[in-house]
């Protein structure tokens, strides 16, 4: 996330509110070339049906045969649906309906400010519309959102029926680590940091310090695959190790050299995720995935989040 210094003369309560507003402004955390990257990535959504549910933009890839269920793609903070497009066509060919959404204040969805709870509500709404959900793929904070949707806890009204499998890509474990890193970038004092986290706790209807992937995994019955690159510069590999140790239902897949974002268009990673979601079917061929990779690499190399 972009480090923006806040004025030292402000009182801790004011600085806490400024930090909260900045954290909840996804557009502030994007690189200068984001629009160019997004325009290129959106090319891969051209075969999707575009539907809008209120302020939420969705992209739907319908299978050519009878659907075996929906796979929901949930992007990371400051990103958008198009950056997960490499997963859509292989899953569609295996008779899944694939639904990707732009979270609130992301991509072409409405708004300029949002928070994790609002994003969870949006993803939950889309999942309920397109249930049963055979699987979810979430990148970065999109992984935490996916787990939250599967759990169905406050402020969500209910768990989404039958989220059979979740693939978490570069997912953080403790949300508290995310907020502490953000506060350190802003040089928040202790009182301002605590005020910032209290605001997040209020909108999330749960204490920030208790909100973790491990806790959510232990509350749901879904099988989980956690894919993480050892050289991830944004989310420590130790987060993946903690997630992997959370339950016998979690499968940890370690990779190298993919950082935080390159795994989104890496053919071996795509194959592992699809094999996890659909183990009983023939996978798209290596040439098919190599073609996907060649089309995506130039567009997503500088993916921001």
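Quick notes
- Restricting 141, 176 to those that are at pLDDT 95 or above and farther than 16 Å from residue 73 by Cβ reduces the list to 176.
- Any hit, region 121-132, residues being in a loop (DSSP other than H, G, I, E, B), surrounded by fewer than 24 Cβ atoms within 10 Å (Cβ to Cβ), at pLDDT below 95 and on the phi > 0 side of the Ramachandran plot: no
- Filter result for residue 100 (buried (at least 21 other Cβ atoms within 10 Å of the Cβ), part of a strand (DSSP E or B), at pLDDT 90 or above and at negative phi): yes
- Residue selected from region 264-282 under the condition in a loop (DSSP other than H, G, I, E, B) and over 18 Å from the mean Cα position of the chain (by Cα), by the criterion modelled with the highest pLDDT: 278
- One residue stands out in region 219-240 among those that are part of a helix (DSSP H, G or I) and out of contact with any strand residue (DSSP E or B) (no Cβ under 7 Å at 6 or more places or on another chain): the one that is surrounded by the fewest Cβ atoms within 10 Å (Cβ to Cβ), namely 238.
- Residue 153 vs. criteria in contact (Cβ under 8 Å) with a residue 60 or more places away in the chain, more than 19 Å from residue 272 (Cβ to Cβ) and part of a loop (DSSP other than H, G, I, E, B): yes
- Scanning region 78-95 for residues that are surrounded by fewer than 24 Cβ atoms within 10 Å (Cβ to Cβ) and part of a loop (DSSP other than H, G, I, E, B) returns 78, 94, 95.
- Residues of region 196-208 include none that is modelled with pLDDT of 95 or more and either in a strand (DSSP E or B) or within 26 Å of residue 37 (Cβ to Cβ) (or both).
- Looking across region 136-188 at every residue that is touching a helix residue (DSSP H, G or I) at 6+ places or on another chain (Cβ under 8 Å) and on the phi > 0 side of the Ramachandran plot, the one that is surrounded by the most Cβ atoms within 10 Å (Cβ to Cβ) is identified as 170.
The values are calculated or read from the model by the stated rules, or taken from the named source; none is laboratory data. The model shown is predicted, which means the values in this text are computed figures rather than measured ones. Backbone-built Cβ (ideal geometry, glycine too); neighbour counts: all protein chains shown.
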